[in-house]
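Colleague: Take a look at this one; I'll ask things after.
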Amino acid sequence: MKMIIKTIGLIILVVIVVMGIISSLNLTNRKYQKLVEDGLGSESKEEIELINSDDLTEVPELVRKYLNYVGVVGTEKVHNFRIVLDGEMKMKRDAKFSSHSAQQTSFIDQGIRLFYMDLYMNGIKISGLHHFDNDDARMKIKVLDIFTVVDEYGENMRRAETVTFFNDMVIFAPQTLISKKISWEDINESSVKATFTHNGITIDAMLFFDEEGKLINFISEDRLALENDGLNSPVPWSTPISEYQHINGLNLPKYGEAVWHYDDGEFTYITLNVRSIKYNIDSHESKN
């Protein structure tokens, strides 16, 4: 009996060691970095143009005021960007927030969004990777970088990620709002409706601004919530912005949240502190 107990204990120890080794390999992060390198390798080598005031004539007055507040005139037209973030996140409304760190690289012209996150829940690392491109959208989450607990893909995921892709353009790379993929409708003195069409998918969003011109909220009803049996519930989704900061000569968001607006109440599931934003990175900056 003692021999059996010792054997079981040894097996458990070996399993723990092996799991630790696999986790330390950071396989999800490596995949993210490889996808970033592939994206950078496919970027156009054409000379980057600057945004001028004429580029802003096709957008509504409120959006033009926002772009002028950000300070986009005279800056480079954005083809890709990298964001470093941290904050807190929780999976359920009655759960406690856990800290996270995240990095995202998006390629506007190629229609690629790569988002990598490490969430630390009760001391256990949970790694997540969102991979959105012209072929598909996939969200995979792994505990200890080993056990897959979420693996969503397909048409519903593509639609959800199209909303997020546009949300990132609006908030993190407003220089891209001069895109011909966007049509605009004035609603009132503080809001506009944007319709974004990308790769056969069209989504709508409401953008809200304050008197100074700052974007203060983005709301869309075209992003499906993740329920127990997958992405199948259309729920209003918003990303209120409450603080701005000066980055690379631009006025850009410093702090924001993401909120699901359920019939029985709001659920703020993530907070985001923006640590850095870089535009038009090249292959030499792929890991910086």
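Colleague: Scanning for something farther than 18 Å from MET157 by Cβ, at pLDDT below 95, surrounded by fewer than 19 Cβ atoms within 10 Å (Cβ to Cβ) and not aromatic (Phe, Trp, Tyr), does the stretch 223-233 turn up at least one residue? Quick ask: steps written out before the conclusion?
Modeller: Quick first cut of the stretch 223-233, residues farther than 18 Å from MET157 by Cβ only: none.
Scanning the stretch 223-233 turns up no residue that is farther than 18 Å from MET157 by Cβ, at pLDDT below 95, surrounded by fewer than 19 Cβ atoms within 10 Å (Cβ to Cβ) and not aromatic (Phe, Trp, Tyr).
Colleague: When the residues of the stretch 92-109 are narrowed to those that are of a type outside the set (Ser, Thr, Tyr) and surrounded by 16 or more Cβ atoms within 10 Å (Cβ to Cβ), which ends up nearest to MET169 (Cα to Cα)? Please lay out each step first, then the result.
Modeller: Pass one, the stretch 92-109, residues of a type outside the set (Ser, Thr, Tyr): 92-97, 100, 102-104, 107-109.
Pick out the ones that are also surrounded by 16 or more Cβ atoms within 10 Å (Cβ to Cβ) and you get 100, 102-104, 107-108.
Values: HIS100: 22, ALA102: 17, GLN103: 15, GLN104: 12, PHE107: 10, ILE108: 8 Å.
Only one residue tops the list, namely ILE108.
Colleague: Also, quick follow-up: Answer yes or no as to whether PHE166 is buried (at least 20 other Cβ atoms within 10 Å of the Cβ) and touching a helix residue (DSSP H, G or I) at 6+ places or on another chain (Cβ under 6 Å). Before the answer, list the steps.
Modeller: On the way: buried (at least 20 other Cβ atoms within 10 Å of the Cβ): yes; touching a helix residue (DSSP H, G or I) at 6+ places or on another chain (Cβ under 6 Å): no.
So PHE166 does not fit the description; no.
Colleague: May I ask you to list the residues in the stretch 202-215 that are in contact (Cβ under 8 Å) with a residue 24 or more places away in the chain and surrounded by fewer than 18 Cβ atoms within 10 Å (Cβ to Cβ)? Don't jump to the end; show me each part of the working.
Modeller: Looking only at the stretch 202-215, we keep the residues that are in contact (Cβ under 8 Å) with a residue 24 or more places away in the chain, and these are 203, 205, 207, 209, 212-215.
If the condition is that a residue be in contact (Cβ under 8 Å) with a residue 24 or more places away in the chain and surrounded by fewer than 18 Cβ atoms within 10 Å (Cβ to Cβ), then GLU212, GLY213 are the ones that fit.
Colleague: I've got another one for you. Which strands (runs of 3 or more DSSP E) sit wholly inside the stretch 179-219 and have at least 2 residues that are of a type in the set (Asp, Glu)? Full working, then the answer.
Modeller: On the way: elements: 182-188, 191-198, 201-209.
Those strands (runs of 3 or more DSSP E) span 182-188.
Colleague: Out of THR195, THR176, I need the residue that is within 30 Å of SER53 (Cβ to Cβ) and buried (at least 21 other Cβ atoms within 10 Å of the Cβ). Which one?
Modeller: Working: THR195 fails: buried (at least 21 other Cβ atoms within 10 Å of the Cβ).
Matching residue, one of THR195, THR176: THR176.
Colleague: Please name all residue pairs, on different chains or six or more residues apart, with Cβ atoms under 6 Å, provided the first residue is in the stretch 132-150 and is surrounded by 14 or more Cβ atoms within 10 Å (Cβ to Cβ) and the second residue is among the basic types (Lys, Arg).
Modeller: PHE132/ARG113; ALA137/ARG158
Colleague: May I pose another question? Kindly indicate whether any position in the stretch 23-44 is over 20 Å from PHE165 (Cβ atoms), at pLDDT 95 or above and of a type in the set (A, V, I, L, M).
Modeller: No, there is no match, as no residue in the stretch 23-44 is over 20 Å from PHE165 (Cβ atoms), at pLDDT 95 or above and of a type in the set (A, V, I, L, M).
Colleague: When both residues are 6+ apart or on different chains and their Cβ atoms are under 9 Å apart, which pairs have a first residue that lies in the stretch 92-119 and is on the phi > 0 side of the Ramachandran plot, and a second that is crowded, with 18+ Cβ neighbours inside 10 Å and of a type in the set (Asp, Glu)?
Modeller: Every condition considered, the pairs that remain are GLY111/ASP133.
Colleague: Considering only residues that are surrounded by fewer than 20 Cβ atoms within 10 Å (Cβ to Cβ), out of contact with any Lys or Arg (no Cβ under 6 Å at 6 or more places or on another chain) and closer than 18 Å to LYS65 by Cβ, which ones fall in the stretch 180-192?
Modeller: Those that are surrounded by fewer than 20 Cβ atoms within 10 Å (Cβ to Cβ), out of contact with any Lys or Arg (no Cβ under 6 Å at 6 or more places or on another chain) and closer than 18 Å to LYS65 by Cβ: TRP184, ASP186, ASN188, GLU189, SER190, SER191.
Colleague: For the stretch 45-56, does any single residue satisfy the condition of being surrounded by 17 or more Cβ atoms within 10 Å (Cβ to Cβ), in contact (Cβ under 8 Å) with a residue 40 or more places away in the chain and assigned to a helix (DSSP H, G or I)? Explain how you work it out, then say what you get.
Modeller: Taking the stretch 45-56 as the starting set, the residues that turn out to be surrounded by 17 or more Cβ atoms within 10 Å (Cβ to Cβ) are 51, 55-56.
Still in the list and also in contact (Cβ under 8 Å) with a residue 40 or more places away in the chain: 51, 55-56.
Retained after the next criterion (residues that are assigned to a helix (DSSP H, G or I)): 55-56.
So far as the stretch 45-56 goes, yes, one or more of its residues are surrounded by 17 or more Cβ atoms within 10 Å (Cβ to Cβ), in contact (Cβ under 8 Å) with a residue 40 or more places away in the chain and assigned to a helix (DSSP H, G or I).
Colleague: OK, next. Go through the stretch 96-145 and give me each residue that's of a type in the set (Val, Ile, Thr) and either farther than 20 Å from GLU161 by Cα or modelled with pLDDT of 95 or more (or both). Talk me through it step by step, then tell me what you get.
Modeller: Just the residues of the stretch 96-145 that are of a type in the set (Val, Ile, Thr), to begin with: 105, 108, 112, 124, 126, 141, 143.
Scanning the stretch 96-145 gives THR105, ILE108, ILE112, ILE124, ILE126, VAL143.
Colleague: I'm told ASP86 meets every condition in (1) touching a Leu at 6+ places or on another chain (Cβ under 9 Å); (2) outside any strand (DSSP E or B); (3) surrounded by fewer than 17 Cβ atoms within 10 Å (Cβ to Cβ) except one. Can you identify the failing condition by its number?
Modeller: The number of the failed condition is (2).
The values are calculated or read from the model by the stated rules, or taken from the named source; none is laboratory data. Here the structure is a predicted model, which means the values were calculated and not measured. Methodologically, a virtual Cβ is constructed for each residue, glycine included, from the backbone with ideal geometry; neighbour enumeration extends over all protein chains shown.
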